[in-house]
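Here the structure is laid out as structure tokens; the discussion comes afterwards.
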Amino acid sequence: MTDMALETLAIRTQISRSDAGEHSAPIFLTSSFVFDTAEDLKDAFDEVSDAHVYSRYSNPNVDEFVEKVALLEGAETGVAMASGMAAIYTTFMALLQSGDHIVSCSSVFGATHSLFKNYFPKLQISHSYFHAQHVQELPSLIQPNTKCIYLETPTNPAIAIIDLETVAAVAKEKNVLLIVDNCFATPYIQQPIRWGADLVIHSATKYMDGQGRVLGGVVVGKASLIRDIYLFGRLTGPALSPMNAWMLSKSLETLAIRMDRHAENAHFIAEQLEHHSALSDVSYPFLPSHPQYDIAKKQMKLGGGMVTITLHGGYEAAKLFLNRLQMIKISPNLGDSRTIATHPASSTHSKLSEEDRRTVGITPGLVRLSIGLEHRDDILRDILQALETNVG
Ligand SMILES: *Cc1c(COP(=O)(O)O)cnc(C)c1O
């Protein structure tokens, strides 16, 4: 099965049929499972058999989703969680201990940043940041107690690209783990494990669901690491619900075709906006003007669905633009079939200090656009009319 292409694996990976002979997988809405004999129960608890016991531990729908993501990412195995943050938190808690140190890209999801800043210090887990554009500084940030390098690429929300091959080489040389949050790219566009990452994390809430319906998270990678994350997760309880796992697994059937259209629309919008007089910057990985265009071309199949624009006139101009949008809604979410506009400085990244925001390029005039699957002309028309008052 693994010699099949990603598109096929995303559709054909399915749990065994029940006696009913259903075509689409049924939903196993059950908290626990039954055993024919006392010996069967013992074997399940001793992990002699791989029978399901309890849905905090495992569930057929969750297994199907995890197996699919592992295949798409080229990973050995994986574990699913109730949300992206549950996946991120559980991974760190399972693998790190007090005294450990994380080297992270400074441009990470706002909640991940808050975890590093506000909670990990209580556990004596420290961190240093490297700037997405200064990967050469990375070796000098590695300390004897550094356990992992953590990053997102493309970064959120500035859409900087980090060279996975270069970072993986540093991780290998320094003998630290490389963990990549691959949420913005999805495995259809970029597979960090192929470049040397040990673990890949997703907020499945975004492009994996793709329709803004459910929360979910998943971690895939080396079996020994996944085992530790799984054991901590099943003990502490951030389990993915069977219903959500079923929806996510069904959604992955259309991941490739959706990402093709997201990227086609986003590329078009970025090109059309690039020289707009109301904007001082348009960032999209597959625009030749992008500072890391060559790296993006090397490690990404497409440019993805995220575009950021920077308005002349800062927050006032950004507010005016957002409030004038008609079809496009303001929301902190992304990776939806509907185009979404976000103002990171006042929402997703408002918990960062102003200086932290400035260093990662989150200026008051920056607006993040998650380009959806509507007709590109309708998306463009709404953006252009909303920019009109900002011209000149
Ligand atoms: C949304 C997001 C997360 C967190 O995922 P949730 O499902 O909201 O918990 C983590 N990383 C990135 C890059 C995200 O966009």
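Rundown of residues vs (1) within 10 Å of Ile159 (Cβ to Cβ); (2) in contact with a strand residue (DSSP E or B) (Cβ under 6 Å, 6 or more places away or on another chain); (3) acidic (Asp, Glu), yes/no style:
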site: Leu279; (1), (2), (3): no, yes, no
site: Pro285; (1), (2), (3): yes, no, no
site: Asp294; (1), (2), (3): no, no, yes
site: Leu302; (1), (2), (3): no, no, no
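Please work out if Asp356 is surrounded by 14 or more Cβ atoms within 10 Å (Cβ to Cβ), in a loop (DSSP other than H, G, I, E, B) and touching a residue at least 12 places away in the same chain (Cβ under 8 Å).
When the stated conditions are applied, Asp356 does not pass them.
Residue-by-condition table, conditions (1) more than 16 Å from the ligand (Cβ to nearest atom); (2) at pLDDT 95 or above; (3) outside the structural domain of Ala239 (by TED's automatic domain parsing); (4) under 20 Å from Gly196 (Cβ atoms):
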{"site": "Asn59", "(1), (2), (3), (4)": "yes, yes, no, no"}
{"site": "Val62", "(1), (2), (3), (4)": "no, yes, no, no"}
{"site": "Phe65", "(1), (2), (3), (4)": "no, yes, no, no"}
{"site": "Lys68", "(1), (2), (3), (4)": "yes, yes, no, no"}
{"site": "Ala75", "(1), (2), (3), (4)": "yes, yes, no, yes"}
{"site": "Ala82", "(1), (2), (3), (4)": "no, yes, no, no"}
{"site": "Met85", "(1), (2), (3), (4)": "no, yes, no, no"}
{"site": "Thr90", "(1), (2), (3), (4)": "no, yes, no, no"}
{"site": "Met93", "(1), (2), (3), (4)": "no, yes, no, no"}
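I want to confirm something. Restricting to the stretch 95-113 and keeping residues that are part of a helix (DSSP H, G or I) and among the aliphatic types (A, V, I, L, M), which single residue is nearest to the ligand (Cβ to nearest atom)?
Ala111
Of all the helices (runs of 4 or more DSSP H) wholly in the stretch 238-316, which have at least 2 residues that are closer than 19 Å to Ile340 by Cβ and touching a helix residue (DSSP H, G or I) at 6+ places or on another chain (Cβ under 6 Å)?
255-273
In the stretch 256-268, which residues are buried (at least 23 other Cβ atoms within 10 Å of the Cβ) and either hydrophobic (A, V, I, L, M, F, W, C) or closer than 12 Å to Ala204 by Cβ (or both)?
Once the filter is applied, which keeps residues that are buried (at least 23 other Cβ atoms within 10 Å of the Cβ) and either hydrophobic (A, V, I, L, M, F, W, C) or closer than 12 Å to Ala204 by Cβ (or both), the stretch 256-268 yields Ala263, Ala266.
With the checklist (1) surrounded by fewer than 19 Cβ atoms within 10 Å (Cβ to Cβ); (2) modelled with pLDDT under 95; (3) within 16 Å of the ligand (Cβ to nearest atom); (4) not polar (S, T, N, Q) in hand, flag the one item Tyr119 doesn't pass.
Of everything listed in (1) surrounded by fewer than 19 Cβ atoms within 10 Å (Cβ to Cβ); (2) modelled with pLDDT under 95; (3) within 16 Å of the ligand (Cβ to nearest atom); (4) not polar (S, T, N, Q), Tyr119 misses just condition (2).
Within the stretch 130-212, which helices (runs of 4 or more DSSP H) (wholly inside it) include 3 or more residues that are away from the ligand (no atom under 16 Å from the Cβ) and more than 16 Å from Gln299 (Cβ to Cβ)?
138-141, 164-174
Scanning for something outside any loop (DSSP other than H, G, I, E, B) and aromatic (Phe, Trp, Tyr), does the stretch 78-89 turn up at least one residue?
Step one: list which residues in the stretch 78-89 are outside any loop (DSSP other than H, G, I, E, B), which gives 78-81, 84-89.
Now narrow it down to the ones that are aromatic (Phe, Trp, Tyr): 89.
Looking through the stretch 78-89, at least one residue is outside any loop (DSSP other than H, G, I, E, B) and aromatic (Phe, Trp, Tyr).
Do we find a residue being touching a Cys at 6+ places or on another chain (Cβ under 9 Å) and within 28 Å of Phe232 (Cβ to Cβ) anywhere in the stretch 50-57?
The answer is no, given that none of the residues of the stretch 50-57 is touching a Cys at 6+ places or on another chain (Cβ under 9 Å) and within 28 Å of Phe232 (Cβ to Cβ).
Name the single residue that is nearest to the chain's Cα centre (by Cα) among those in the stretch 198-225 being farther than 24 Å from Ser370 by Cβ and in contact (Cβ under 8 Å) with a residue 12 or more places away in the chain.
My answer is Leu199.
Say whether the condition of being outside the structural domain of Pro192 (by TED's automatic domain parsing), of a type outside the set (D, E, K, R) and surrounded by fewer than 19 Cβ atoms within 10 Å (Cβ to Cβ) is met by at least one residue in the stretch 294-308.
Restricting attention to the stretch 294-308, the residues satisfying the condition of being outside the structural domain of Pro192 (by TED's automatic domain parsing) are 294-308.
After this cut, where a residue has to be of a type outside the set (D, E, K, R) as well, the list is 295-296, 299-300, 302-308.
Subsequent filtering for residues that are surrounded by fewer than 19 Cβ atoms within 10 Å (Cβ to Cβ) retains none.
No, there is no match, as no residue in the stretch 294-308 is outside the structural domain of Pro192 (by TED's automatic domain parsing), of a type outside the set (D, E, K, R) and surrounded by fewer than 19 Cβ atoms within 10 Å (Cβ to Cβ).
Under 21 Å from Lys68 (Cα atoms) and in contact with a His (Cβ under 9 Å, 6 or more places away or on another chain): is that true of Phe28 in this structure?
Working: under 21 Å from Lys68 (Cα atoms): yes; in contact with a His (Cβ under 9 Å, 6 or more places away or on another chain): yes.
Yes, satisfied.
Only one of these is among the hydroxyl-bearing types (Ser, Thr, Tyr) and within 21 Å of Arg234 (Cα to Cα): Thr30, Thr13. Name it.
Values: Thr13 fails: within 21 Å of Arg234 (Cα to Cα).
Matching residue, one of Thr30, Thr13: Thr30.
Please go through the stretch 359-383 and pick out each residue that is over 15 Å from Thr310 (Cβ atoms) and either in contact (Cβ under 8 Å) with a residue 24 or more places away in the chain or surrounded by 18 or more Cβ atoms within 10 Å (Cβ to Cβ) (or both).
Just the residues of the stretch 359-383 that are over 15 Å from Thr310 (Cβ atoms), to begin with: 359, 370-382.
Residues satisfying the conditions are Thr359, Ser370, Ile371, Gly372, Leu373, Glu374, Arg376, Asp378, Ile379, Leu380, Asp382.
Among the residues of the stretch 238-245, are any buried (at least 22 other Cβ atoms within 10 Å of the Cβ), within 11 Å of the ligand (Cβ to nearest atom) and either on the phi > 0 side of the Ramachandran plot or not polar (S, T, N, Q) (or both)?
Among the residues of the stretch 238-245, at least one is buried (at least 22 other Cβ atoms within 10 Å of the Cβ), within 11 Å of the ligand (Cβ to nearest atom) and either on the phi > 0 side of the Ramachandran plot or not polar (S, T, N, Q) (or both), which makes the answer yes.
Take Lys297 and tell me if it is free of Cβ contacts under 8 Å to residues at least 12 places away in the same chain and not acidic (Asp, Glu).
In short, yes.
Find all pairs meeting these conditions: Cβ atoms under 6 angstrom apart; at least six residues apart or on different chains; first residue within the stretch 252-271 and more than 21 Å from Asp382 (Cα to Cα); second residue modelled with pLDDT of 95 or more and of a type in the set (Lys, Arg).
Close Cβ pairs (under 6 Å, with a partner that is modelled with pLDDT of 95 or more and of a type in the set (Lys, Arg)) amount to Leu252/Lys68.
Give the residue that is surrounded by the most Cβ atoms within 10 Å (Cβ to Cβ), with candidates limited to residues of the stretch 3-18 that are touching a residue at least 12 places away in the same chain (Cβ under 8 Å) and hydrophobic (A, V, I, L, M, F, W, C).
If we take residues in the stretch 3-18 being touching a residue at least 12 places away in the same chain (Cβ under 8 Å) and hydrophobic (A, V, I, L, M, F, W, C), then Ala10 is surrounded by the most Cβ atoms within 10 Å (Cβ to Cβ).
The values are calculated or read from the model by the stated rules, or taken from the named source; none is laboratory data. Treat the numbers as computed from the prediction; the structure is a model and nothing was measured. Every residue, glycine among them, receives a Cβ derived from its backbone with ideal geometry; neighbour counts consider all protein chains shown.
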